[in-house]
Ligand code: NAD
């Protein structure tokens with residue numbers, strides 16, 4: 001069966017890094033006969049320039065018909081003065097809600113070759129490979145009621161509501177257990193069940209779901225302890241599942257353990273496994289057009305797509321191995337360059353990874 005992929009390069013460095021990711025994917029597609037089909041579309045500022053909207057109907061139709069979406073990045077100075085509804089970032093939010101992408105996967109991987117880029121001691125982080133599964137469409141970011149109200153004493157009060165229904169917890173729980181099964185079968189659920197009833201229910205449901213995944217070892221941790229453990233001994237974790245708010249904070253902290261945002265992919269999945277795959281970084285307008293952006297985060301996003309939407313683990317592993325080989329050959333784009341290494345351009349890094357596929 002053919003597998004349809006919508007390719008949305010976006011703005012800034014988006015087209016440069018996507019070109020390299022597509023080069024790698026095309027080689028793999030023909031070498032392994034993966035039967036992948038591609039169609040390009042516009043999103044963000046590029047879509048606004050062409051159609052007057054950051055998420056035009058053409059793109060909506062394209063992503064609905066696709067099995068997976070590969071995205072570069074959106075945004076840039078040129079569009080910053082537009083009204084909020086027309087800004088490039090709105091295109092991304094539109095895509096997430098249109099496809100109901102509730103499960104956000106944020107790996108933090110630190111290749112041993114780059115261990116010195118971390119702010120932590122190399123031995124604590126070298127070889128780090130953990131995955132944070134963040135609930136993306138519920139919790140306090142969306143709960144009602146919310147707002148700023150005027151109290152009787154004339155003082156203003158800001159308020160939000162932390163809510164999770166059983167079905168929302170089950171949905172993200174199933175997603176996380178399945179991901180744990182594809183990795184090392186260790187899942188840590190992070191909550192604040194000692195203080196927040198909302199997460200007391202979260203802990204109860206996660207525990208209940210464990211019966212469907214008896215091969216996965218489930219543990220629980222309070223979020224304050226998890227934040228501490230992430231910077232004390234991050235390699236104790238394999239998969240972490242947590243709420244929208246806690247996941248937002250923990251996944252950024254985990255990303256920074258690795259020292260370079262040019263290396264980190266991400267995925268957002270819906271219930272059927274359809275997903276959007278993108279680097280965690282933005283459109284980097286400061287280096288756009290210079291040919292020096294690191295394409296590895298986007299290339300590793302391709303590997304995640306092959307593994308999580310298409311169940312093509314062998315193809316995913318080949319890409320990950322090829323990235324490793326390019327780093328072993330001392331190839332570095334400027335963001336990860338250190339003395340004694342070979343500085344390469346975006347295109348040269350793509351070529352080095354393709355060489356590593358063989
Ligand atoms: P950014 O991630 O684009 O850049 C931060 C810094 O990291 C910059 O110095 C940049 O040069 C560097 N960098 C980022 N990716 C790199 C790569 N692949 N290789 C080498 N260096 C890289 O964040 P920002 O500067 O805060 O935002 C720039 C624009 O991107 C804004 O318009 C913002 O709204 C948008 N943005 C988009 C997304 C997305 O598309 N998902 C995410 C974050 C920010």
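Every number in this text was worked out from the coordinates using simple rules, so none of it is lab data. Predicted, not measured: the structure shown is a model, and the values here were computed from it. Positions of Cβ are generated from backbone atoms using ideal geometry, with glycine treated the same way; all protein chains shown enter the neighbour counts.
Per residue, what volume in Å³ does the convex hull of the Cα atoms of the stretch 276-358 enclose?
Convex hull volume per residue, Cα atoms: 89 Å³.
Exposure proxy check: 202, 79 ranked by fewest other beta carbons within 10 Å?
With the fewest neighbours first, 202, 79 line up as 79, 202.
With an 8 Å cut-off on Cα pairs and a minimum separation of 6 or more residues, tell me the relative contact order of the chain in percent.
Averaging sequence separation for qualifying contacts and normalising by length gives 20 percent for the chain.
Using 0.36 nm times the number of residues separating residue 60 and residue 272, minus their current alpha carbon distance, what extension gain do you get?
Contour length minus Cα-Cα distance gives 74.5 nm.
Over 14 Å, how big is the tail of the calculated P(r) for the stretch 184-223, in percent of all Cα pairs?
So the pairs more than 14 Å apart make up 42 percent of the total in the stretch 184-223.
Any idea what diffusion coefficient the stretch 205-358 gets from Stokes-Einstein, in µm²/s, Kirkwood Rh on alpha carbon pairs, 4 °C, 1.567 mPa s?
It diffuses with D of about 74 µm²/s by this estimate.
Work out how far the C-alpha atoms of the stretch 45-189 reach from end to end along every principal axis, then list the three figures in whole Å, largest first.
Between the extreme Cα coordinates on each principal axis of the stretch 45-189 lie 51, 50, 34 Å.
So what's the Cα pair-distance distribution over the chain, bin width 10 Å, in %?
That works out to 5, 24, 32, 26, 10, 2, 0, 0, in percent per bin.
Between residue 339 and residue 97, how many nm apart are label points set 7 Å from Cα along the C-beta direction?
With each label placed 7 Å out from Cα toward Cβ, I get 5.2 nm.
Translational D (Stokes-Einstein, µm²/s) of the stretch 148-262 at 20 °C and 1.002 mPa s when Rh comes from the Kirkwood sum over C-alpha pairs?
Rounded, D is 138 µm²/s.
Obtain the nm distance between the two label points defined at residue 204 and residue 157 by a simple spin-label model: each point lies 7 Å from its Cα along the Cα-to-C-beta direction.
It works out to 2.7 nm between the two label points.
Give me the percent relative contact order of the stretch 240-358, please, defined on Cα pairs under 8 angstrom at least 6 residues apart.
22 percent.
Considering all alpha-carbon pairs of the stretch 1-99, what whole percent are spaced by more than 22 angstrom?
Result for the distance tail: 29 percent.
Grab the Cα-Cα distance for residue 286 and residue 116, subtract it from 0.36 nm times how many residues apart they are, and report the gain in nm with one decimal.
The residue 286-residue 116 span can extend by a further 58.8 nm.
Using only the alpha carbons of the stretch 42-104, determine the length spanned along each of the three principal axes and report them from longest to shortest in whole angstroms.
Cα spread of the stretch 42-104 along its principal axes, largest to smallest: 33, 23, 19 Å.
Which number do you get for Rg(Cα) / (2.2 N^0.38 Å) in the stretch 201-242?
Taking N as the residue count of the stretch 201-242, the ratio is 1.27.
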